[in-house]
Each structure stands twice: as C-alpha cells, then as structure tokens.
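Here the structure is laid out as structure tokens; the discussion comes afterwards.
Values quoted throughout were computed directly from the atomic coordinates according to the rules given, and no laboratory measurement underlies them. Source: prediction; values computed, not measured. Here the Cβ is made from the backbone with ideal geometry for all residues, glycine too, and neighbour counts use every protein chain on show.
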C-alpha cells in the first residue's frame with residue numbers, strides 16, 4: 001500500500017519544557033531538541049495507530065512543530081485531522097481556525113531532516129498547485145499553540161480514533177461551533193457570557209436573531225445531529241429518549257435521570273435531567289430548524305442562547321464519554 005502524507009495547515013505549536021511527559025520521555029525529547037536545535041527538520045512520531053496510519057511532528061526546529069499525518073487514504077487522513085483540530089477547541093477552548101485553503105495539504109514524501117523550508121514549500125506546491133508565496137508561508141506557519149500536553153492528545157487520538165460515535169459527533173460539534181459558537185462570538189468565552197449576557201437588552205438579542213437566523217438554525221441542527229450520532233440513533237423521538245440513553249454504549253456514564261446544569265438557557269431551570277433537555281432540543285429541531293417554520297412560536301425560536309446550550313451539552317457528552325473510556329483503558 002502506498003501511503004500519502006498530509007500536512008495539517010493551521011497548527012504550528014511551541015512545545016517548550018513545560019509540557020507534561022514522563023521523565024524518561026522528557027529526557028529523550030529534550031536531548032533530541034538540543035541536538036537538533038539549529039539543524040533542519042527532525043521528525044518525531046507522536047502516535048502510530050497501525051503500520052499505515054500515524055501522526056508525526058515535523059519541522060521541530062527551535063521548539064516549533066507541525067502535524068504531519070501518514071495515512072492509507074485521504075478519507076482516513078481527514079478523520080485523523082478532524083480529531084486533532086477539534087481537540088484544541090474541546091480541551092483547550094481555542095477558537096476554530098478559519099481556512100480559505102484546504103486544511104490538509106497532500107505530499108508524496110514525508111518531510112526529511114535534510115529538507116529546508118524551500119524543499120517543504122516545493123513539495124506542497126507541487127502537489128497542491130499553490131502559486132502564491134503568502135499561501136505557502138501560511139501553510140507552514142499555521143496557527144500557533146503554546147505548551148499543550150502531549151500525553152493528553154496522544155490519549156485523545158487513540159481513544160477517539162477507535163470510537164466512531166465519539167469521532168463523528170466531534171466532527172458535528174466542531175462544524176457547529178465554526179458556524180456560531182461562544183469561542184468566536186462577541187463574548188469569547190463562558191465567563192464573559194455569564195457576566196455580559198444579563199445586561200444585553202431584548203432588542204439587541206432580537207436584532208442578532210434576525211441577522212443570524214439561518215446560521216443559528218443550521219448550527220443548531222448540526223449539533224443535534226451530533227447528539228443523534230453520539231447515541232447511535234438516526235431519528236430520535238420523544239418516546240424513545242429514555243430507551244436510547246439506557247441502551248447507549250455509555251449507559252454507565254449517562255442515565256435518563258442524570259443531572260445536567262443548564263448554562264446558557266436563562267429561561268430554563270439551572271439543573272435538569274438530560275432526557276428533558278434532549279426533549280427540549282428535539283422540540284426546537286422539529287418545530288423550527290428541521291422544517292423551515294416561517295413563524296415559529298417564540299418559545300421555540302432558536303437564538304444564540306439555544307445554540308450555545310446545545311453545543312455545550314454535546315461537548316459535555318463527548319468529554320464525559322472520553323474520560324470514561326480513558327479511565328477504562330488505563
């Protein structure tokens with residue numbers, strides 16, 4: 001099988017000495033960095049799923065690095081890439097990265113320690129057909145991330161890659177927050193939302209709703225589909241919410257009566273059972289988003305609070321399930 005290599009655009013990270021690795025691995029990595037600090041490329045295998053699929057850190061000069069994915073197919077490369085870029089938003093609350101280029105650039109060869117910047121640019125340019133020098137610089141420079149925990153992303157990749165329900169629900173979550181999300185909103189984060197939201201007047205919320213209605217509906221639908229994927233149920237109905245939660249692969253983590261603390265829905269009790277919040281989301285999906293209701297009742301209108309809430313709920317499902325599988329595998 002002929003592997004291809006995919007350069008993940010948008011992630012250029014600084015991995016300094018503050019990241020958490022076991023002592024033996026830390027000493028080995030620091031020695032590698034010190035020995036190659038002023039040399040061209042030195043590659044470091046981050047995780048190998050099997051002989052055909054691997055995540056490699058390339059271009060680690062002066063504590064800098066980019067992700068390169070070795071994959072048996074383009075489809076598999078995108079599956080891995082979506083896990084990586086979602087990881088930083090899920091775990092570290094980084095805003096989704098916007099691209100006007102393909103976020104995976106295909107190469108015939110893996111970057112070698114003898115390569116210079118020009119070699120890398122030529123390799124990407126040859127395959128991708130990119131002509132503008134500024135595009136090449138953006139591909140190589142990427143989106144800087146500081147001092148994340150290698151152990152965390154290795155564990156995350158290993159668990160999520162092997163679980164289709166979590167992997168596919170993460171893709172929906174990421175796509176939803178890329179359209180409308182708290183991280184790329186005027187609030188920027190949850191703390192700012194909680195501080196500023198009570199002071200926003202109704203007419204401004206209504207204006208935002210009218211400006212962004214289609215985007216809100218689409219982001220909401222995408223997140224709801226992520227919930228369906230998570231519970232492995234294509235078409236959730238009210239009468240089977242209790243059943244699908246009980247029969248889920250994560251039934252030891254979530255029960256219909258499991259409490260969920262509402263964070264964004266100001267009109268909703270602060271704590272409710274997960275089956276009741278799914279039921280509310282289902283009503284909004286059916287009445288408004290899925291069928292293009294032009295005059296939905298006010299109680300069902302999907303506004304920013306509703307979009308943020310369903311995204312937050314899906315994020316909690318994903319992270320709680322991941323932590324459960326992580327504990328189970330340790």
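With the biggest extent put first, the Cα atoms of the stretch 166-329 measure 48, 33, 28 Å across the principal axes. Packing, taken as the mean count of other beta carbons within 10 Å per residue, orders the peptides 168-179, 70-81 from highest to lowest as 168-179, 70-81. Its convex hull of Cα atoms gives the stretch 184-269 a direction-averaged projected area, equal to a quarter of the hull surface, of 7.4 nm². Taking other C-beta atoms within 10 Å as the exposure proxy, 57, 83 rank 57, 83 from fewest upward.
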